[in-house]
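Below is one structure; the comments refer to it alone.
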Ligand SMILES: Cc1cc2nc3c(=O)[nH]c(=O)nc-3n(C[C@H](O)[C@H](O)[C@H](O)COP(=O)(O)O)c2cc1C
């Protein structure tokens, strides 16, 4: 039986949501499909040994891949025996956002089966320019993406290779965002988070941050230099004390793509992962 592992990073839940839809569709087709949280893993080569196909999911940041995912990819061992697929979520447009990840996976020896973009709500909530889409239509998100995921999974299994964003125009459009984003990332990323005085020391950002960028010491919240711009803390601070935009606070935080969504779920591997359970039983 085909064994698929999806490795995903999701700052605010959109990529996790699409990962779960893909996992559900694969499982419906009786394929073993396990879901892992990149932020919870130091190294994944030992896990990958047990799967035939690797899926990679991430949110688009300036037509690029979040730093935490790029770091994870750097540690992947080169191997020619694995196949892969890539998907990313974006609020609007990334040119070659998924093709970029696919190219990096190819460099690691993987044969790419399919790549796709999924449009999801915007999670940048402290810039006025991005505030137009604050009313979330949960039904629309579901119906639109279920159809697209079904097509995506079918393409993976039939190796149809529509390979969204692989043409030269998409590459060019991607580069026009990616180059400035990487310059900006290098300059600002590490000291991006700004803290307001109304912080209540509730510890939520300490618990939620994927890079452990916050510590409470001597009765104050300290921000270390590890921000990867995922906007998780910004959107889940209960008093909107955190922001990245120097001139803007959050008025309507983004709390995820479903009404029942729980942010902590994005941080852990799926408790129902099958292959690892099997391995633990054998050991
Ligand atoms: C730093 C940053 C940069 C972003 N850049 C883009 C972009 O270039 N194009 C786009 O369509 N969306 C962009 N977005 C929006 C996210 O890609 C989108 O909301 C995504 O679905 C969030 O996924 P997540 O909830 O899994 O973190 C950006 C978001 C952040 C935080």
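The values are calculated or read from the model by the stated rules, or taken from the named source; none is laboratory data. Because the structure is a prediction, the values reported are computed rather than measured. Neighbour counts run over all protein chains shown; Cβ positions are idealised from the backbone, glycine included.
Report yes if some residue within region 126-146 is in a loop (DSSP other than H, G, I, E, B), away from the ligand (no atom under 14 Å from the Cβ), over 16 Å from the mean Cα position of the chain (by Cα) and not assigned by TED's automatic domain parsing to the domain that holds residue 229; otherwise report no. Yes, because at least one residue in region 126-146 is in a loop (DSSP other than H, G, I, E, B), away from the ligand (no atom under 14 Å from the Cβ), over 16 Å from the mean Cα position of the chain (by Cα) and not assigned by TED's automatic domain parsing to the domain that holds residue 229. Of the helices (runs of 4 or more DSSP H) lying entirely inside region 41-122, those containing at least 3 residues that are under 13 Å from the mean Cα position of the chain (by Cα) and within 16 Å of the ligand (Cβ to nearest atom) are 67-74, 97-107.
Taking the condition within 16 Å of the ligand (Cβ to nearest atom), surrounded by 13 or more Cβ atoms within 10 Å (Cβ to Cβ), within 23 Å of the chain's Cα centre (by Cα) and modelled with pLDDT under 95, does residue 235 pass? Against the criterion (within 16 Å of the ligand (Cβ to nearest atom), surrounded by 13 or more Cβ atoms within 10 Å (Cβ to Cβ), within 23 Å of the chain's Cα centre (by Cα) and modelled with pLDDT under 95), residue 235 does not qualify. Every residue in region 4-38 that is within 11 Å of the ligand (Cβ to nearest atom) and assigned to a helix (DSSP H, G or I), please. Listed by number, the residues that qualify are 14, 15, 16, 17, 18, 19.
Only residues that are touching a strand residue (DSSP E or B) at 6+ places or on another chain (Cβ under 9 Å) and surrounded by fewer than 23 Cβ atoms within 10 Å (Cβ to Cβ) were counted in region 54-67, giving 1. Just one of the listed residues (222, 226) is free of Cβ contacts under 8 Å to residues at least 40 places away in the same chain and in contact with a strand residue (DSSP E or B) (Cβ under 7 Å, 6 or more places away or on another chain), and it is 222.
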